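Visitor: The structure that follows is given in the form of structure tokens.
The values are calculated or read from the model by the stated rules, or taken from the named source; none is laboratory data. Since the structure is predicted, the reported quantities are computational estimates derived from the model, not experimental observations. For neighbour counting, all protein chains shown are included, and Cβ atoms are generated from backbone atoms with ideal geometry for every residue, glycine included.
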Amino acid sequence: MTVPADDEDMATTLLWEQGTSGLEVRPAGEDRVALLAYFPDAPGLEPALAAALAPLPRARLQPAEVPDVDWVARFRDGFRPFPAAGFVVAPPWWIPPSITDPASLLIVDPGRAFGTGTHESTRLCLGLLRELAGRGPLGRVLDLGTGTGILGIAAARLGARTVTAVDLDPEAIVSAQHHARLNGVDLRLLRADLACALRPGAFDLVLANISATLLRECRDEIVALDAPALVLSGLLVTDAQALRDAYDGAGRLEVRQDGEWIAAVVTRRP
């Protein structure tokens, strides 16, 4: 799909909402970009996408050939250990010999679910986790939309008393279980639709690295958990004001930025 550069953010949001498996953005001439979006093959996909993109009348949609590439294998081949918010993120086949403190290591098997530490939203959450751990004990931590479980594992590394990791996707639950074993930590795994099955007051810190749309739409559900602190991520800089509006009254909101992405920590007012 090609769109004017000014419409890139909206187009990206609409494609994610329609269930794209991944996006690649390429230049497409003066003041235009091309978004290559991957979708599972399904009847009626193209007309459904065209209808969803109606708010962008200058968008041009067309099918593209999908190259026969093992993307997971290619991603794994290029995955190297790297630092992230005081941690070292490394694949299980390449643990840096310089690691002397196991608490600083996050072992990630790339390609199993979202959350390898390479994305700004995950790095922002890791940074906020470390910042909150510096203020006091993390206590009982809840990770909503856990993906690989990396944030819950990081919380355990930083001394969380318990970590509950929730995801609706059964593949994510399997991935989080796999990563918990790789890292030697205990995650309480629950397959559920965000926070609706959870008891208010059961957690001291809630992590939610999900989409900006879900953070807004599920605001009451997240706030109803009555946790003293929330870490919210998966947001672009352009989402900052909408986030402030949505969580107004929930507590003191502090924003951190990494490139075009932001995360926020909301602490309940005494």
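Listed here are the residues, each with its yes/no results for (1) loosely packed, with under 15 Cβ neighbours inside 10 Å; (2) modelled with pLDDT of 95 or more; (3) outside the structural domain of residue 212 (by TED's automatic domain parsing); (4) not in a loop (DSSP other than H, G, I, E, B).
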site: 72; (1), (2), (3), (4): yes, no, yes, yes
site: 97; (1), (2), (3), (4): yes, no, no, no
site: 114; (1), (2), (3), (4): no, no, no, no
site: 125; (1), (2), (3), (4): no, yes, no, yes
site: 151; (1), (2), (3), (4): no, yes, no, yes
site: 159; (1), (2), (3), (4): yes, yes, no, no
site: 171; (1), (2), (3), (4): yes, no, no, yes
site: 181; (1), (2), (3), (4): yes, yes, no, yes
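Visitor: Which residue, of 86, 78, is surrounded by 14 or more Cβ atoms within 10 Å (Cβ to Cβ) and either out of contact with any Ser or Thr (no Cβ under 6 Å at 6 or more places or on another chain) or on the phi > 0 side of the Ramachandran plot (or both)?
Guide: Step by step, each of 86, 78 is checked, and only 86 is surrounded by 14 or more Cβ atoms within 10 Å (Cβ to Cβ) and either out of contact with any Ser or Thr (no Cβ under 6 Å at 6 or more places or on another chain) or on the phi > 0 side of the Ramachandran plot (or both).
Visitor: Would segment 13-27 turn up any residue that is in the same structural domain as residue 129 (by TED's automatic domain parsing), surrounded by 10 or more Cβ atoms within 10 Å (Cβ to Cβ) and under 18 Å from the mean Cα position of the chain (by Cα)?
Guide: no
Visitor: Do the conditions hold for residue 141, that is, is it free of Cβ contacts under 8 Å to residues at least 24 places away in the same chain and part of a strand (DSSP E or B)?
Guide: In short, no.
Visitor: Can I ask one more? Quick one: which residue in 108, 33 is within 20 Å of the chain's Cα centre (by Cα) and either of a type in the set (A, V, I, L, M) or farther than 24 Å from residue 151 by Cα (or both)?
Guide: The conditions single out 108.
Visitor: Going through 191, 130, 181 one at a time, which residue ends up being farther than 20 Å from residue 227 by Cβ, within 18 Å of the chain's Cα centre (by Cα) and not polar (S, T, N, Q)?
Guide: On inspection, the qualifying residue turns out to be 191.
Visitor: Does at least one position in segment 232-253 carry a residue that is β-branched (Val, Ile, Thr) and within 21 Å of residue 150 (Cα to Cα)?
Guide: Scanning segment 232-253 turns up no residue that is β-branched (Val, Ile, Thr) and within 21 Å of residue 150 (Cα to Cα).
Visitor: Let me ask something else about it. What about residue 176, is it in the same structural domain as residue 258 (by TED's automatic domain parsing) and surrounded by fewer than 24 Cβ atoms within 10 Å (Cβ to Cβ)?
Guide: no
Visitor: Between 215, 243, 190, which is surrounded by 13 or more Cβ atoms within 10 Å (Cβ to Cβ), in a strand (DSSP E or B) and without any contact (Cβ under 8 Å) to a residue 40 or more places away in the chain?
Guide: From the options 215, 243, 190, the qualifying one is 190.
Visitor: Could you list, in sequence order, all residues of segment 261-270 that are surrounded by 11 or more Cβ atoms within 10 Å (Cβ to Cβ) and not hydroxyl-bearing (Ser, Thr, Tyr)?
Guide: Result: 261, 262, 263, 264, 265, 266, 268.
Visitor: Related question: Quick test for you: out of 207, 194, 187, pick the one residue that is at pLDDT below 95 and either in the same structural domain as residue 122 (by TED's automatic domain parsing) or of a type in the set (A, V, I, L, M, F, W, C) (or both).
Guide: Every option except 194 fails the conditions.
Visitor: Restricting to segment 19-36, give me the number of residues that are within 18 Å of residue 212 (Cβ to Cβ) and at pLDDT 90 or above.
Guide: Counting residues in segment 19-36 that are within 18 Å of residue 212 (Cβ to Cβ) and at pLDDT 90 or above gives 1.
Visitor: Of the residues 89, 33, which is outside any helix (DSSP H, G or I), in the same structural domain as residue 155 (by TED's automatic domain parsing) and aliphatic (A, V, I, L, M)?
Guide: Step by step, each of 89, 33 is checked, and only 89 is outside any helix (DSSP H, G or I), in the same structural domain as residue 155 (by TED's automatic domain parsing) and aliphatic (A, V, I, L, M).
Visitor: Would you mind telling me which numbered condition in (1) outside any helix (DSSP H, G or I); (2) under 15 Å from residue 229 (Cβ atoms) residue 109 fails?
Guide: It is condition (2) that residue 109 fails.
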